[in-house]
Each structure stands twice: as structure tokens, then as C-alpha cells.
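So the structure is just underneath, and the comments pick up after that.
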Ligand SMILES: Nc1ncnc2c1ncn2[C@@H]1O[C@H](COP(=O)(O)OP(=O)(O)OP(=O)(O)O)[C@@H](O)[C@H]1O
Ligand SMILES: [Mg+2]
């Protein structure tokens, strides 16, 4: 009975109800779209960070990340192999590659530069990261390559070398002896990320292992994992690897800045959400209160007939909930349609973006929305609708039948 | 209290504060109704008719006095019990805007039965019965805004009677009607009183209403000054 009365009251003043529902729907769909944009940018950023070179999880010898040194290396011990094959058998690991890296001095014609010299297993790397796609001159490493290297674009410019030139890398091997070798420059990377473009030299893993006396040894194991499995794989790896010998670091353990930035931006969105919720609540409250004040007399008659305040209050809250639910439904529909549409076509921001300061952000934003953000937003709009009923309900609770009946 | 006594109000007072003085809307009123009465409470505007009706209808409580309806000391009841007493024993017809505007005529009548928890089929049958009793057969599905003022008041009467109350209270039921419709509404109530034996108490200063009364009680300044059998 409450439901039918509430629905009929909404239908009776359908114009007012429509405006309210439209306002709620507009507010919610705007929020969903903004979340879509926000999550699109953030998720792309986080995905790019992981996919370009860092990976989702890295396994090192304990303390290697903070104090890199060739002495903190890993071998293919049964413990490590078992842990890795367990992770791979879970089906949650998209790619896995072993790397060896060290600092080196690169010498060009007249100048020298300090670089990270990174040995990559080309085949494994292709399944793990997209670094090969970032080569814009020449080519990336291939299997069976000999003493060849790929350089970041800025590093190549600073060294004054171009494709086909020889670059000499000077470094120390595992025993501290000086090692120097000549590598032919076959590719140049322009990734837009400063760290890569100005400080990285990539060479074949086996070539570097030999040069550094590190045969069968690695400094990093890099895993690519979907976000939803990140935590479980981390936990499982940590439990099967002795923490005295191994550290298992997620991307945000290594580069906390980006996650903090994302969290900060999300916090701003929550504030914005709060403001929109206030507007939604005020809109619904206005509608319900107006329709209630119009009916004070009717409420008085209903009370005189024996209808309890509880039933009247129930009717008011159900009216609010219906308006809220309709608004949320339409808002979800419109908002998700927008997100889905721009997920397909993307929003081109290249004109607004300075290419230098890209920080793993793509110039075309493809909207997407985290399920959590979606339900939080829709849920709080619905909650706002219910909260909005409290002022009218409070008025109903104070209503005296005698006064209400004579209300004009 | 004798067997055919329905209502006994004794020494009832109600005071309102106006400015710094207290004003007695009901000033030591004694009042009785017998089963089957059809009494019109008359008197000038401000004489206290509505106030007395509200006391009897348990919509308001007197400051002084006692009130006994159908053998029950109703002033001793809790607020919730009083609401229930209203629902079970008293029917109301107000001056205007009696009806729930989103409900059809039969739904309005059935509404009080629904509050009592009656099943749908039964309450709609009863509603249709009482609507035809008040001469609204065929208009059951109209909403209040599709009915004339007189028809709306008839729906209100049907609603008041549908729950088979011991007492029907009507406050100025004819005030918003022209004299012709007022008269026919009064005749309808009088007819129902005679055929069904329901007790009516009607507050009105409308001569048309007084003409239909079995008994007329006249009020002045919060006092009952005369009581005539018509
Ligand atoms: N809520 C109130 N506050 C203050 N005074 C009131 C209130 N209700 C009624 N009164 C006063 O009590 C007196 C009796 O009022 P009541 O409404 O009973 O008169 P009435 O006989 O029904 O008049 P009418 O024919 O105009 O309906 C009036 O003087 C009125 O001003
Ligand atoms: Mg009155």
C-alpha cells in the first residue's frame, strides 16, 4: 500500500518528479563520466608504468632495489624456480623475464655518459613488456644478436651517436675487474619517459652475462600480472621465497610516487562527489518536501482515519527512494554509455598535453571505470536520496492531526 | 451509564492561550449522545463546535473533564490506542479535501478497511456497496478531482460508514456545498442513520443541516446553551 501510494504521488506530480529524476541522473552520469576519465588516465598511467619496462612485480636478491650491486644477484635455485613455476601455473602471470643490470659509463666520440646497462632476454621480454614497441629508429634486439645495443633517444643525442655507430661501455665485472666492450647501436628508443630515454642502454642478456662474469646469474625477475591478481601473486611469492634471500616488490613498492599521485587525485574526486551528493540530496529533499507540504491536510485526514505516523513517514521515504532509484538507474545508463563510448573512440588531448612531461600518460584518454568507484558513486547517490527524506519525515513526525486538517 | 448511552462527556474544558490571557474554547461542557442519535451541533463561528468534535473524535485532548465512549474511558488510552480506537470505532467526515487525491473513490473508501488489515477483495466489495448506498454507483473508479464537491463528500460519508463505526463525526460537511447539494447530503446521512442505526454528530451552522437534525444542540462561547428535539 505504501509503495502504491508513494508511486501514485510521484506520478501525480510527474513534471516535478521528472525534473528531480533528471537532475539526479545528470549528477550521477556526470560523476560516472568523470570517474571514467579519471580512472582511464590513472589506469593507463599505471598500466604503462608496468608494461613499458617496470613490470608488475620484480623479484630481487634482498636489498638489491635499495642498494644495487652485482653481488646481490640471483641464480636459478630450486627455491626460485619452484616459486616461479607455481606462479606461472596459477595462470595469473602474463609474462616473466629475467634481467641483469649494472651501471656503466658509455663513451661516444667526445663525451661519456653514466647509464644503466640492462641485459634483456629478447624472447621472454616480448611476452612481459612492451619496450620493443618504443623503438622509433632502427630495431629492437633480436634473438642471436651479438654485441649490439639499443639506446634511449636523449642518451644517444648526448653521446652524439647514431644508428650503426659503435658505443663503448665501461663497467666492473662481478669480481670488481674493469670490463669494457664495444656495442653496435642498432636501435633508438623514444618512450617519452625521462628515465628510459636519457639513462638506459639495452643489450642482449647473454652478452652482458659474459661481459660481467655473471653466467647463469640475474639481478631481476620481472613479472607482468593483471591488477586483480597482483596482491595474491605477491603474497604467494613472498610465502614461498625466503625473505633473507629474496625481495618481492610490487610496482608501487618500487615507485610509490605514482600510486600516491593517483590516491591524491582520487581524494579530490571524493570531495567533488560529496558536493554533488549535497546537490542531489537538496534536490530530492526539495521535491519530497514540496509534495509533502501540499498534502499536509491530506496527511491530517489520513492520521485522523487511523493511519499511523510510521506509515506516513514510510510513504515519504519510499517516495524519496523511488525518485533516487529512478535517477540512479538513468544516471547509470547514461554514465556507463558515455564511458563505453569514449572507451571506444577515446578523448584526444594531444593538443593540451606537453609531450615532454608525459609521465606515462597517453595523449588519447580511453575512459574506463573501476567497479569500486562505480558502486561507491551510485550507492552514495542512492544513500543521499534516503537521507534527503529525513527533513520531510521529521515534519511528518511533528504533524498534529487537528492542525493538519485545518492547514490551508 | 444506561444501556443505550453511547457517549458521555462530563465537565470538559479546553483552554487556548491568546496573548497573555487564557481563553476557554470549551467551558465546563456536559454532553451526551444516545445510540442512534442524529445530532447537529450548531452555534456561531468560534463558539467551540470544532473543538468539542475534536475532543470526541480523540484528535485532541481536553484540559479538564472526562470522556466515555461506548463504555470506554477514552482519555485513559495511550496515543497509539487512541489512534486504534479512531480506526475501529469512529468515522470522520471533514469540511473539505477529505479524500486522498491519488486514490479512486472506491480505493478511498477501502483505505480505512485496509488500515484494519482487511483482504483486498472483501474491502473492495464493501467499498462498492457503500458507494452505491451513497448514490455513487458507476463512479467508483473516478479520482477525487474527477468528482464534484457534493460527490466527494458522499465518498467521504461512504468511507466513514464502511468501517461500521459506532459514531460518525462530521465537521461542517455542507460548508463547501450549495444548499441543494447540502440538503441532499444531509438527507443521505439522515437516511443512513435511520436505515443502519449509525449515530451521527454533525457540527454545522448551516440551516439546511439543522433542518435535517433529530436533535439540535446549540453552543455559545464554549458552552452548551440549549438542546432541542426537532
Ligand atoms: N489552535 C487554536 N489556538 C488558539 N485558539 C483556538 C485554536 N483552535 C480554536 N481556537 C479558538 O477556540 C474557539 C473555538 O473554536 P472552534 O474552532 O471550536 O469554533 P467553531 O465553533 O468550530 O467555529 P467555526 O464555525 O468557525 O468552525 C475560537 O475562539 C477559536 O479562536
Ligand atoms: Mg469549526
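Name every residue in region B:55-99 that is within 20 Å of residue A:399 (Cα to Cα) and assigned to a helix (DSSP H, G or I), in order of residue number. Scanning region B:55-99 gives B:55, B:56, B:79, B:80, B:81, B:82, B:83, B:84, B:85, B:86, B:87. Residue B:152 - would you say it is at positive phi and either buried (at least 19 other Cβ atoms within 10 Å of the Cβ) or assigned to a loop (DSSP other than H, G, I, E, B) (or both)? No: the conditions fail for residue B:152. Taking region B:93-104 as the range and being over 17 Å from the mean Cα position of the chain (by Cα) and more than 8 Å from chain A (Cβ to nearest Cβ) as the test, only B:104 passes. Within region B:13-23, being surrounded by 12 or more Cβ atoms within 10 Å (Cβ to Cβ) and more than 16 Å from ligand 2 (Cβ to nearest atom) holds for B:13, B:15.
Being within 14 Å of another protein chain (Cβ to nearest Cβ) and either in contact with a helix residue (DSSP H, G or I) (Cβ under 6 Å, 6 or more places away or on another chain) or buried (at least 18 other Cβ atoms within 10 Å of the Cβ) (or both) is a condition met by at least one residue of region A:321-328. Among the residues of region B:71-78, some residue qualifies, meaning at least one is buried (at least 16 other Cβ atoms within 10 Å of the Cβ), more than 16 Å from ligand 2 (Cβ to nearest atom) and within 20 Å of the chain's Cα centre (by Cα). When residue B:37 is tested against (1) in contact with a strand residue (DSSP E or B) (Cβ under 6 Å, 6 or more places away or on another chain); (2) over 21 Å from residue B:93 (Cβ atoms), only condition (2) is not met.
Given (1) in a helix (DSSP H, G or I); (2) without any contact (Cβ under 8 Å) to a residue 12 or more places away in the chain; (3) away from chain A (no Cβ under 14 Å), where does residue B:130 come up short, assuming only one miss? Here residue B:130 clears every test but (2). When the strands (runs of 3 or more DSSP E) confined to region A:176-239 are screened for residues that are without any contact (Cβ under 8 Å) to a residue 40 or more places away in the chain, those reaching at least 2 such residues are found at A:178-189. Scanning region A:246-287 for residues that are over 30 Å from residue A:17 (Cβ atoms), part of a helix (DSSP H, G or I) and more than 22 Å from the chain's Cα centre (by Cα) yields a count of 0. Which members of region B:100-119 meet the condition of being under 18 Å from residue B:164 (Cβ atoms) and assigned to a helix (DSSP H, G or I)? Across region B:100-119, the qualifying residues are B:106, B:108, B:109, B:110, B:111, B:112, B:113, B:114, B:115. Based on what the data block shows, is residue A:352 outside any helix (DSSP H, G or I) and more than 14 Å from chain B (Cβ to nearest Cβ)? Judged against the criteria, residue A:352 is a match.
Of the residues making up region B:56-92, those that are touching a strand residue (DSSP E or B) at 6+ places or on another chain (Cβ under 6 Å), within 16 Å of ligand 1 (Cβ to nearest atom) and facing chain A (nearest Cβ under 10 Å) number 2. Go through the residues of region B:37-58 one by one and say whether even a single one is in contact (Cβ under 8 Å) with a residue 60 or more places away in the chain and away from ligand 2 (no atom under 16 Å from the Cβ). So far as region B:37-58 goes, yes, one or more of its residues are in contact (Cβ under 8 Å) with a residue 60 or more places away in the chain and away from ligand 2 (no atom under 16 Å from the Cβ).
When A:97, A:56, A:71 are checked against the criterion of being within 23 Å of residue A:251 (Cβ to Cβ) and in the same structural domain as residue A:153 (by TED's automatic domain parsing), A:97 stands alone in meeting it.
What do you reckon, is residue B:9 more than 16 Å from ligand 2 (Cβ to nearest atom), in a strand (DSSP E or B) and in contact with a strand residue (DSSP E or B) (Cβ under 8 Å, 6 or more places away or on another chain)?
So residue B:9 fits the description; yes.
Among the residues of region B:156-173, none qualifies, meaning not one is within 13 Å of another protein chain (Cβ to nearest Cβ) and without any contact (Cβ under 8 Å) to a residue 12 or more places away in the chain. If you take just the helices (runs of 4 or more DSSP H) that sit entirely in region A:1-106, which of them hold at least 2 residues that are within 14 Å of chain B (Cβ to nearest Cβ)? Those helices (runs of 4 or more DSSP H) span A:2-12, A:14-49.
The values are calculated or read from the model by the stated rules, or taken from the named source; none is laboratory data. Since we're looking at a predicted model, the values are computed, not measured. As a convention, Cβ positions derive from the backbone with ideal geometry for all residues, glycine included, and neighbour counts pool all protein chains shown.
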